[in-house]
Amino acid sequence: MELRPETRAVHLPQPEITGSRPITVPIYQTSGFVFDDPAVFADAMGRPDGSFVYGRLANPTVRSLETAVSGLEGGVAALATGSGMGAINCVLLGLLGPGDHLVSQKAIYGGTAAMINELVHRFGITVTYVPEDDPEALRAAVRPETKLVYLETLANPALQVADLPGMCAVARELGIVSVVDNTFATPLLCRPIEHGADIVVHSTTKYLSGHTDVVGGLAVFADDALYRKVWHFSVELGATPDPFAAWLTLRGLQTLHLRMERHCSNARYLVSRLAAHPAVSAVHWPGLPSHPSYELAGKLLPDFGGVFSFELAGGRAAGEKFMAAVRLALLAPSLGGVETLVMHPATTSHRSLSPEELTRHGIGEGTIRVAVGIEHPEDLWADLEQALS
């Protein structure tokens, strides 16, 4: 067919690559895919493992990210989303309904806690909070209508460590789905599925992408049927990630092991100095013998992560002065990037919580959270020390 210029400009030629392949995953920046067979087109609309058809259902670049992280976590499949809360909400909303009961550990991310409160008020879902390291408390909290157990490998911001083997074993014994947020640990420090978890969630915004330039989330599943159930819900929810964001995350994932080594070693250096400083009343990092999760962390983790928090003896006033005085560390949200970030959880990440809830999460008026970057540790300490002064 001889086409006019206007039509030729729309239908651009696409090269077919034979005999070689790209070194990096291409960015499939397209909203949909073309079919020659109507039956294949129809089939692709209804399942996650069919042909690529529409960006809200699946995308090759996004699928590469899902496959990569699923492999790292030891899952059978993964579901990428546009944010970490997108992954958490796909799981919570996809598996919970009116009248269901959720058991959660006491200390969780502020956004997750706020969403659970929404579920309670909007949909009549009930929740019981238990210690993260007490399987018998979990067993006692379970009811006939209990559907989910929610845990965090390393809790934000006091870094309590969940007893994943014990808690997940109780959940599995009782036929309850266990969900673990593994953002702070990454698959390099912990793989919750190996300890019995059914679903692992990540904010890929953090360590997996690692460069503070992308927002994303991901849920990894140990069971294919559970994955398909949540996938069908996520398609209707529309928590779809952008292919370029997925590509940026894949790029960052390749250096995860190098970055995590430096994050952990920097954190170890800084907490040792802070623990001896007179302006600091406590330091929270599970690699310290003084931390309540120290023994459990030693059994579960090869290293203890790049996030820690500490308490200033002067309370909120001291915290405000400290935050205003840092120069190298950045006063900013998030974590897991190459830059060191500091924040005041009570007024930022956990601002929606009541005073009682803040206490339950281990957050005080003078709590400062530090997400350690990969800078030289002595430069970081010089900045923190001058701010403490």
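Every read-out reported here was derived from the displayed coordinates using simple, explicitly stated rules and does not represent laboratory data. Just so it is clear, the model here is predicted, and its values are computed rather than measured. Cβ coordinates were reconstructed from backbone atoms using ideal geometry, including for glycine residues, and neighbour counts include every protein chain displayed.
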Exercise for the section: Would you mind ranking Val179, Val283, Val25 by Cβ crowding within 10 Å, fewest neighbours first? Expected result: Val25, Val283, Val179
Completion exercise
Of Pro22, Pro131, Pro289, the most mobile residue in a GNM of the chain (C-alpha springs, cutoff 10 Å) is Pro22
Problem - Cα centre as origin, Lys/Arg/Asp/Glu Cβ charges: the chain dipole, Debye - result: 320
Handout entry: Nearest-0.05 FRET efficiency for Ala317 and Gln14, computed from C-beta distance (R0 51 Å)
Key = 0.25
Handout entry: Antiparallel bridges, percent of DSSP beta bridges restricted to the chain (to nearest 5)
Key = 55
Problem - Farthest positive-ward along the chain dipole, Cα basis, beta-carbon charges - from Val370, Ala225, Leu301 - result: Val370
Fill in the blank from the handout: Counted neighbours (other Cβ, 10 Å), sorted fewest up, put His121, His350 in the order His121, His350
Practice task
Mind listing the long-range amide H neighbours of Val130? Cut-off is under 5 Å, sequence gap 5 or more, other chains count too, H placed in the peptide plane at 1.01 Å from N.
Solution key: Ser104, Gln105, Lys106
Completion exercise
Correct response: the longest run of the chain lacking exposed GluC sites (Glu not before Pro), defined by DSSP loop and at most 15 other Cβ within 10 Å, is 146-389
Fill in the blank from the handout: Exposure-ranked with fewest Cβ neighbours within 10 Å first, Val230, Val235 stand as Val235, Val230
Practice task
Could you list which residues have their amide H under 5 Å from that of Thr146, counting only those 5 or more apart in sequence or on another chain, with H placed in the peptide plane?
Solution key: His101
Fill in the blank from the handout: Residue-ordered couplings for region 250-260, obtained by feeding phi - 60° into the Karplus form 6.51 cos²θ - 1.76 cosθ + 1.60 and rounding to whole Hz (Gly and Pro as x), are 4, 4, x, 4, 5, 10, 4, 5, 5, 5, 5
Exercise for the section: Return the FRET efficiency for the residue pair Leu330, Thr30: r is the Cβ-Cβ distance, R0 is 45 Å, and the value is rounded to the nearest 0.05. Expected result: 0.80
Completion exercise
Listed by chain and number, the lysines with an alpha carbon less than 25 angstrom from that of Lys229, same-chain partners under 8 positions apart left out, are Lys147
Fill in the blank from the handout: Beyond 27 Å (Cα-Cα) in this structure, taken from Lys206/Lys299; Lys299/Lys321; Lys106/Lys206, we find Lys299/Lys321
